[in-house]
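Values in this text are rule-based calculations from the coordinates and carry no lab data. Remember, predicted model here, so these are calculated numbers, not experimental data. A quick note on method: Cβ atoms are made from the backbone with ideal geometry, for glycine too, and the neighbour counts reach across all protein chains shown.
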Amino acid sequence: MIESALYIVPTPIGNLDDITLRAIEVLKSATLIAAEDTRHSKILLDKLGVGAVKMISCNDHNEEQRAQIIANEVQAGGIVALISDAGTPMISDPGYKLVSALSEKKVKVVPLPGPCAAITALCASALPTDKFLFMGFLPVKDKELTQKLESIRLSDTTTVFYESPRRIMNTLEKLQQVDPKRVVALCREMTKTFETIYRTNVSDLITYLQEHSDEVRGEFVLVVGPHISDEQDDELSDSAKSALAKMITSMKVKEACQIVSDLTGESKNKLYDYALSLKD
């Protein structure tokens, strides 16, 4: 039995099968759906088999005004579902002002777990997950972008950003200027057909994308690893050394270094030097 409340309902970020059974139940039970873009969401609702239901737009420009409509609906015994275009509402999407206003009106708010590009990318990044900072979309202007990246230069925490294909190369180049050795994971088109994850240092990633410009498209999540001190940077990890030592016995050094770099985020140049020392 779905009780009267506002439900925060995550929707798929790519793969429709990622919708939860509970989310479908709430959407089918809703008396009102507040959507970031009603036309976009109707396509999803039709695919899920959600029947005709009253919908209103709820975006950055009107969510405070929508609060009273939603409060009235819930207080009259209705069930309201808040959805964004994709993923979890309020994670770089509208909803914060709405939930804040409803909490002041003592309206019950029920959050549902579900798809989130930031968490999905973080889990696949092979970077530390014990603590992380999510910073949403990066600034567009170069000065503010550099300042934002400079603010995490010495951070010991993994940091997660969203970025567009149009700006991703510029962002990586600015990050390279701040810290050329920084290990990153660039996650492209998460949960979609062409999902790709690049794990390496920022300098090698730029070189790769310059040589594969056709891969600079889609939606990106940039996961930036913690700062590595000069002392830490001197040594390859034991796992990288072990893997490289085994692989160079059966394949070319350059190829082995590329594979180990992709898997561990270690510098290809450092791996190559270590491989040569083993050969010697």
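Per-structure values
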{"quantity": "Members of LYS97/LYS148; LYS131/LYS181; LYS192/LYS252; LYS47/LYS97; LYS42/LYS108; LYS174/LYS270 lying beyond 27 Å, as alpha-carbon distances in this model show", "calculated": "LYS192/LYS252; LYS47/LYS97"}
{"quantity": "Computed E for LYS252/VAL216 - FRET, C-beta separation, R0 25 angstrom, nearest 0.05", "calculated": "0.35"}
{"quantity": "Table column - 3J(HN,Hα) (Hz), region 146-155, Karplus curve with 6.51, -1.76, 1.60, x for Gly and Pro", "calculated": "4, 4, 5, 5, 5, 5, 10, 4, 10, 5"}
{"quantity": "Rough spin-label spacing in nm, given labels placed 7 Å along Cα→Cβ, for THR157 and SER237", "calculated": "2.2"}
{"quantity": "Per-residue HN-Hα couplings for region 4-9 [Karplus 6.51, -1.76, 1.60; θ = phi - 60°; Hz; x = Gly/Pro]", "calculated": "5, 4, 9, 10, 8, 10"}
{"quantity": "Ranked PHE161, PHE194, criterion: other C-beta atoms within 10 Å, fewest first", "calculated": "PHE194, PHE161"}
{"quantity": "Three-way shape label, region 34-83, alpha-carbon gyration tensor, a/c 1.5", "calculated": "oblate"}
{"quantity": "Two-site FRET efficiency, MET169 against GLU64, from Cβ-Cβ distance with R₀ of 25 Å, rounded to 0.05", "calculated": "0.10"}
{"quantity": "Among beta bridges that DSSP assigns inside the chain, antiparallel share in %, nearest 5", "calculated": "50"}
{"quantity": "For region 9-68, the fraction of alpha-carbon pairs in successive 5 Å shells from zero, as %", "calculated": "4, 17, 29, 26, 15, 8, 1"}
{"quantity": "Total charge dipole magnitude, the chain, about the Cα centre, Cβ charges on Lys, Arg, Asp, Glu only, Debye to nearest 20", "calculated": "620"}
{"quantity": "Stretchable slack from ALA124 to LYS47, in nm (0.36 nm times residue separation minus alpha-carbon distance)", "calculated": "24.9 nm"}
{"quantity": "Net length gained if the chain between TYR208 and THR191 were fully extended (0.36 nm per residue, minus Cα distance)", "calculated": "3.9 nm"}
{"quantity": "Neighbourhood charge, 9 Å Cβ-Cβ cut-off, centred on HIS227 and excluding it, Lys, Arg +1 and Asp, Glu -1", "calculated": "0"}
{"quantity": "Beta bridges by DSSP in region 5-111, antiparallel share as percent, to the nearest 5", "calculated": "5"}
{"quantity": "ASP273 paired with THR38, simple spin-label distance in nm, labels 7 Å along Cα-to-beta-carbon", "calculated": "6.2"}
{"quantity": "5 angstrom amide H check on VAL184, placed H, neighbours 5+ away", "calculated": "THR200, ASN201, VAL202, GLY225"}
{"quantity": "Per-selection Kirkwood Rh - region 8-143 (Cα, Å, 1 d.p.)", "calculated": "15.9"}
{"quantity": "Reciprocal mean inverse distance between Cα atoms of region 117-231 - Kirkwood radius, Å", "calculated": "14.0"}
{"quantity": "Span per principal axis, largest first, for the Cα atoms of the chain (Å)", "calculated": "79, 39, 33"}
